[in-house]
Every structure is written in structure tokens, then in C-alpha cells.
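The values are calculated or read from the model by the stated rules, or taken from the named source; none is laboratory data. In this text, all values refer to a predicted model and were calculated from it rather than measured experimentally. Glycine also receives a Cβ, built like all others from the backbone with ideal geometry; neighbour counts cover every protein chain displayed. Protein only, heavy atoms only, side chains kept; ligands, DNA and RNA dropped before computing areas. Shrake-Rupley method; radii C 1.70, N 1.55, O 1.52, S 1.80 Å.
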Amino acid sequence: MHGWFRKIVKSRVTSSAQHEQEAHVPKKSVCSVSRESSSSISPCCSLSSSSLGTAPSKPQQPHSAPSSRRWSREYDVFVCNSSFQSDIEEAFRLVSFLEASPRSLRCFLMQRDACPGGAIATEFCQAMQNSHLRALLITPDFLQDGWCKYIMHQALAEGPMSNRIIPLLQNLSRSQCPPEVRFYYQIDLSSNPERGYTLVNKTVLNYLENLDKNQKTLDYSMDSSSNGAISLPKEREADTQVYDPAGMPTESDIEER
């Protein structure tokens, strides 16, 4: 009787152990499958995350981004004006307009940017050489200022037929304009200064955009050249060309903007 009871208990314990093993097998297989599936998916996920997290090699620049040749000079515009108070105030208004956002041009103004105690002639010449364009605020006081005449002649000496000089007339007729720059396209600030400031801004932007185009053309010609010929840099060629009024912005351009 005792042996029979032990057999029954043993058979139940064995059957319960088998049930527990069968119950553990699906759980183990599910865990292993999940681990296997996760291990097979993880490379794809890591590849996707790495590709999304990688920054582009070169950021996209806006269409109107300035060229590298623009930054070869410290200033975009050198403003020359007389030391009379009215001319200084007008020059400050012009520079404030050009430097304001979104134009953000870099301007040199003697009364503001010159180093205190520096030699005037040296300051003028260095600033001109570090500027792309030279805006001459020609007024009756300008004609009486010896330093203004000096700057005008220095700018003309660098390029007598240069397109880098912008004569700005105020309270002065064209016939009273200095004969050295009389053939240049002149912007009148007398009647509508704001319109004149906008024309100056448009002129500077056109010049900087041409620098970019000329640089790309020069790079392409140097890359595609096989005979080793060296061409003159485009900026230097542009400096020796006759000043073309057709390249200047017109009033219709301003109205469209």
C-alpha cells in the first residue's frame, strides 16, 4: 500500500515537472526570437540614425551669399566726405542706411573708423586699398576740402577708368562736378536722398555679385585650360574697363524692389 502511494506521488511530480518545462520552452523561444529580431534590426536602425545624425559636408548657402573675393578686402564701401558738419551728418546717414539689415554692407567712414592719432594720408590710403568701392560725397564743401581732392585723385590714380568710383552729388549741379569724374555715372542725393541711398546699395550689390561670377568664370577657365596660359584676374580686368552707365541700377529697378 505504501509503495503504491509513492508511485502515484512520483508520477504526479513527474507530470508537473514536464508541464513546467513545456511552459518554459515557449517563453524562452519568444525571448530568443525577440533578441534575434532585435539584433537583426539594430544594424538598420544604427545606420539610419547615423545617416540622419551626420551633418552635411558643406552647408547650403543662400543664392545671394557673397563670394570669397568680397572678404579679401576689409570694407565694401569707402565713403569720402568733407569735414564740414553738414557733410559729416549726410555721410553718417548714408553709412547707417548701407550698414542696416538686411543690407549689412561694410563701410569705412573717416570720422568714425580712423585710428586716433594716426597719419591722415596713411589712414586714407589704407582704407581705400581695403575697400571695393569708393563713394565720393561731392558737395560745395567737398570742392573746398584739400583732403577730399587728395582722396579723389588717389582713387583715380589707381584706375583712371575704374568702375569702383561712385560720385554722389548733393546741392551741386552736374556742370559743377569736378571734371575728373564728370564722365562717371552720378547719383543725385539732393532731391530724394533715400532713393539715392538705395541706388548706392544696388550699385554695391551688383559689383559684389559680379565679383562672384567673375571668380567662378576664372576658376573654370583655369581648371579647363590645358596649355598652361595664365589669364589676368577678372577683378583687375574689370578695373581697367570703361565705366558703363548701363550697368548701374535705374529708377525702374528701385521701383521694382
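Before moving on, here are some points about what is shown:
- Cβ separations smaller than 7 Å between residues 6+ apart or across chains give the following pairs from the range 185-199 residues that are modelled with pLDDT of 95 or more and assigned to a loop (DSSP other than H, G, I, E, B) to residues that are among the small types (Gly, Ala, Ser) and open to solvent by less than 20 Å² (accessible area, probe 1.4 Å): Leu189/Gly196.
- The one condition in (1) small (Gly, Ala, Ser); (2) open to solvent by less than 10 Å² (accessible area, probe 1.4 Å); (3) part of a helix (DSSP H, G or I) that Ala135 fails to fulfil: (3)
- Selection from the range 161-186 of residues that are over 19 Å from Phe84 (Cα atoms), buried (at least 18 other Cβ atoms within 10 Å of the Cβ) and not aromatic (Phe, Trp, Tyr): Ser162, Asn163, Arg164, Ile165, Ile166, Val181, Gln186
- When residues in the range 85-105 are screened for being of a type in the set (Val, Ile, Thr) and at pLDDT below 95, 0 of them pass.
- Filtered residues of the range 82-98 (kept if farther than 17 Å from Asn130 by Cα and of a type outside the set (S, T, N, Q)): Phe84, Asp87, Ile88, Glu89, Glu90, Ala91, Phe92, Arg93, Leu94, Phe97, Leu98
- Selection count, the range 106-129, where residues are at pLDDT 95 or above and over 21 Å from Met152 (Cβ atoms): 1
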